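**Student:** Take a look at this one; I'll ask things after.
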Amino acid sequence: IGEFRFLHPLLFKHGVWLYDRIAIMTLYIFYKAAMVALAMFYFGFFSGFSAHQLFNLWAYTFYNVAFTAAPILVVAVLDQTVSAETLENQPLAYRACITRGQLFSSRIFFVWIQQAMVHVALIFFIAFWALESDSIAYADGKTHGVWTTSSVIYSVIVMVATFRLLLEMRSFTYCHHFWVWFSFIGFWCSMFVLNVLPGFNPDLFYVVFAMLQSAQVWLTLIMCTSAPLILDLMVYGVKADAFPHYHQLLREREADKRQEVAPEYETFVFRHRKLHKTERMRLMEIERKRSENIEEQPKAETTDAIILTWLWFQNMSGGIFDGTDDAATVETEKRRNR
């Protein structure tokens with residue numbers, strides 16, 4: 001560094017930001033890669049672990065390099081876990097986020113892998129049991145095929161992976177919004193384009209157009225997408241309210257500064273911290289007033305000395321003052337009698 005004064009923001013501000021960005025990028029890359037791999041693993045129980053693929057090879061390739069790549073790159077470059085002002089004034093955030101492993105640790109890594117297992121299980125089995133049946137699904141009397149189920153599972157995995165990253169974003173800028181929506185809309189546009197190319201995969205020709213004409217497919221898309229996200233929101237709500245991390249408390253405090261938050265929406269730990277902060281502020285106010293009284297004490301002693309000097313002078317010349325007072329009293333009585 002050029003000067004020593006740059007060490008404080010470099011360590012406490014940029015250090016926490018970069019550590020958080022690298023942690024999210026690492027966890028999310030393993031998470032989204034595990035979702036596709038686990039979906040094919042679950043499919044093996046129904047295919048007898050044969051060589052049959054659940055997803056098209058090109059779709060599997062585009063999943064990592066195109067459909068889910070842009071949002072995580074934006075987060076890894078621009079995301080800010082807490083504002084710069086807060087981090088520079090709260091050195092404890094560095095210790096809590098980095099040295100205590102609140103942003104990344106082996107436990108957090110395995111929690112993300114477990115979440116991927118649960119999410120893919122919900123997506124795969126709901127979609128498979130809802131669509132792989134002998135009931136008539138279309139007006140022409142046809143049923144859903146394995147490629148329709150595959151397209152639904154693949155589409156839901158892409159959407160859940162994108163929405164899952166939104167839950168981990170600490171800041172939202174125009175760049176965040178642009179690339180998230182660009183990836184989401186670009187995915188569906190690519191699916192429509194690839195399904196009209198006969199050379200892409202003859203089995204997937206017009207499958208997306210056909211499946212979106214079925215109400216059963218729409219209901220399955222909604223159920224498979226909402227189930228893992230609702231589960232995540234429930235877990236996040238319990239953790240944020242009962243077991244919050246230090247950086248979560250700091251973000252909550254920043255939200256309180258921007259707008260007045262009702263007490264019932266505060267976490268128990270943060271409310272407990274606020275009570276202690278209020279008590280400390282009250283003690284500091286008492287100490288301040290006590291200091292002011294100590295500073296005013298010499299002034300009071302000077303005033304007392306002046307008064308004592310005046311009384312001593314009055315005692316020394318008491319006859320003059322007494323005579324003047326008596327003359328004034330007699331003159332006042334005469335005026336009243338008149």
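The numbers here are math on the coordinates, done by the rules we state, and not lab data. Since we're looking at a predicted model, the values are computed, not measured. Virtual Cβ from ideal backbone geometry, glycine too; neighbours counted across all protein chains shown.
**Student:** Using 0.36 nm times the number of residues separating I185 and E132, minus their current alpha carbon distance, what extension gain do you get?
**Tutor:** 16.3 nm
**Student:** Can you give the FRET efficiency for L92 and S50, using 1/(1 + (r/R0)^6), R0 = 51 Å, r = Cβ-Cβ distance, to the nearest 0.05?
**Tutor:** Given R0 = 51 Å and the Cβ-Cβ separation, E is 0.40.
**Student:** Which order do the peptides 5-18, 209-222 come out in when sorted by mean C-beta neighbours inside 10 angstrom, highest first?
**Tutor:** For the peptides 5-18, 209-222, the packing ranking is 209-222, 5-18.
**Student:** Sort 155-161, 90-96, 117-123 by packing, meaning the average of other beta carbons within 10 Å per residue, with the highest value first.
**Tutor:** 155-161, 117-123, 90-96
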